[in-house]
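Just below is one structure, and these are the notes that go with it.
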Amino acid sequence: METPPAKSASPRGNRGRSRLTRRRFAAGVALGAAGSAALGAGLIVARGGRVTAQDAATPVAAPGRFIEPGVRLSMNGLLDTTLSAAPDATDGPGRMTYDGELPGPTLRFRPGDTLKLRLQNDLGGDITNLHVHGLHVSPRDNGDNVFVHVMSGESFSYECQIPDNHPAGLFWYHPHSHGDSMQQVAGGLAGAMIIEGGLDNLPEIQGIPERLMVLQGPFFGTAGIQYLVNGQVNPEIAIRPGQTQRWRILNASANNFFNLQLAGYPFHRIAIDGNPLPAPLTIDLILLGPGERADVLIQGGAPGSYELRSLAWGERGQAQPDFLVATVTVAGEAETPAPLPTTLLPLAPPYIDLSSVPIDRQRIITFEEASDAPYFSIDGKAFDADRVDQTVNLGATEEWIIRSNNPDWHPFHIHVNDFQVMSINGEPQPAHYEDTTPVPGNGEVVIRTRFLDFTGKFVYHCHILGHEDAGMMGVVEVVEGANGATPIVFPAATPGT
Ligand code: C2O
Ligand code: CU
Ligand code: CU
């Protein structure tokens, strides 16, 4: 992975570029429809940044226009771009944007490409940095290194070499400066990354209309509580009767879950966190914790207007109201529904099925909440960038048992290497990979993962950024060779036991 692979230099200007470079309209225009929906919104920010929306009664504006973020494409194996993070008061108090766009521009590239990103900190005070969530790239130096601090007024040039065998799918970028992550992501700093290939080339999927939906919010302002899809309140998503569309959905909110339901329509889920599923999963409800992604196929049915909602979810401090996300309008000339795929893509390197391989080591990781400091921790320890919490051997296969010792759900996320979810609360899961997975309150998730290709330090954490900023994050260091601990060799376990 260290040497950039030779890549055929095919110019990419002929691949639907005009469709992809459509720019979003000025936010002021796009949000105009919601301008009349003024209502004071109650908000509690509890210790550790737990955010509870108390007032779900915000009036909802008539559907707005569905638009997508601008796109920056790699050319000849290289995506070289600059992002300026800056306050954006025109959109409301606390808003921040990359290059004035909410969400930030979508970066599209391919396995084997090089990603060069110069981050300019124009926030006017805060420290920031940039993390490429879900990418299997080096965490060192100017790679996906969240220990970098980009001071106000300064810039930093990141460079990531995307492996040739990198899974294709939906990823995202966002700030990751400890203590400031929640405020900056909640302010709007987030953007999608799409790696092309994989599922895109299946005959049933190739060429079908594709929509990216970056979900953000809640935002609090004079218009009440707002949840945004690509910066828009309640956009109207058009589909023809019988037409199949692929939606790529990203939960880019700092603390909020999206518990998505599209009245009367099943979702045919084809990917989780940028990892293709072996076969579509037909479901009525998709729970996406902060940081999680879903690719789904949707088929238009009878003409009419249908609500995409986030249903009420969570308990106690995490209770969220039901709210409207978007409006789906089925209209126009009917199409004969094309058959949906029955199989997708098998697990493939780097992410192979680990259900029956020898495990080098098992660890228990507990998301803890306590009434004394540290209030939010992992295994009783609040994040310390100078401490290594887990030392692992390069190439090791490990099983991590991840627990919550409290009623809160905690979306577990680790950088650099995705993991296979083996079981949730003891229930075995079909073989698939994720990079972020919610650990239920007082529950347990068992994962297996291989620490492949890259040595160095990176982090694992709860992706509720209020929890993360308050300390729910740990450091893992991947080292070459023996790390001092005798590996415990477990027999190949059956999932869930
Ligand atoms: Cu999406 Cu460590 O972050
Ligand atoms: Cu990440
Ligand atoms: Cu948490």
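Data overview
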item: Hey, ALA254 part of a loop (DSSP other than H, G, I, E, B), of a type in the set (A, V, I, L, M) and more than 30 Å from GLN184 (Cα to Cα) or not; result: no
item: Scope the range 380-433; condition closer than 19 Å to GLY169 by Cβ, more than 16 Å from ligand 3 (Cβ to nearest atom) and of a type outside the set (A, V, I, L, M); matching residues; result: HIS415, ASN417, ASP418, PHE419, GLN420, GLN429, PRO430, HIS432, TYR433
item: Residues within the range 73-110 that are open to solvent by 20 Å² or more (accessible area, probe 1.4 Å), hydrophobic (A, V, I, L, M, F, W, C) and closer than 17 Å to ASP122 by Cβ, tallied; result: 2
item: Flag if GLY197 is closer than 15 Å to GLY274 by Cα, more than 16 Å from ligand 3 (Cβ to nearest atom) and surrounded by fewer than 18 Cβ atoms within 10 Å (Cβ to Cβ); result: yes
item: Condition check for ARG246: buried (at least 16 other Cβ atoms within 10 Å of the Cβ), in a strand (DSSP E or B), touching a residue at least 40 places away in the same chain (Cβ under 8 Å) and not β-branched (Val, Ile, Thr); result: yes
item: Selected residue [of a type outside the set (Asp, Glu), more than 16 Å from ligand 1 (Cβ to nearest atom), more than 24 Å from the chain's Cα centre (by Cα) and not assigned by TED's automatic domain parsing to the domain that holds GLU204] from SER377, SER423, SER355; result: SER355
item: The lone exception for ILE286 - which of (1) free of Cβ contacts under 8 Å to residues at least 40 places away in the same chain; (2) open to solvent by 10 Å² or more (accessible area, probe 1.4 Å) it fails; result: (2)
item: Yes/no for ASP180 being within 22 Å of LEU250 (Cβ to Cβ), charged (D, E, K, R) and buried (at least 23 other Cβ atoms within 10 Å of the Cβ); result: no
item: Selection within the range 211-226 - open to solvent by 20 Å² or more (accessible area, probe 1.4 Å) and within 18 Å of the chain's Cα centre (by Cα); result: ARG211, PRO218
item: Qualifying residue in the range 434-451 (condition: within 16 Å of ligand 1 (Cβ to nearest atom) and open to solvent by 10 Å² or more (accessible area, probe 1.4 Å)); result: yes
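The values are calculated or read from the model by the stated rules, or taken from the named source; none is laboratory data. Being a predicted model, the structure only gives us computed values, none of them experimental. Every residue, glycine among them, receives a Cβ derived from its backbone with ideal geometry; neighbour counts consider all protein chains shown. Protein only, heavy atoms only, side chains kept; ligands, DNA and RNA dropped before computing areas. Shrake-Rupley method; radii C 1.70, N 1.55, O 1.52, S 1.80 Å.
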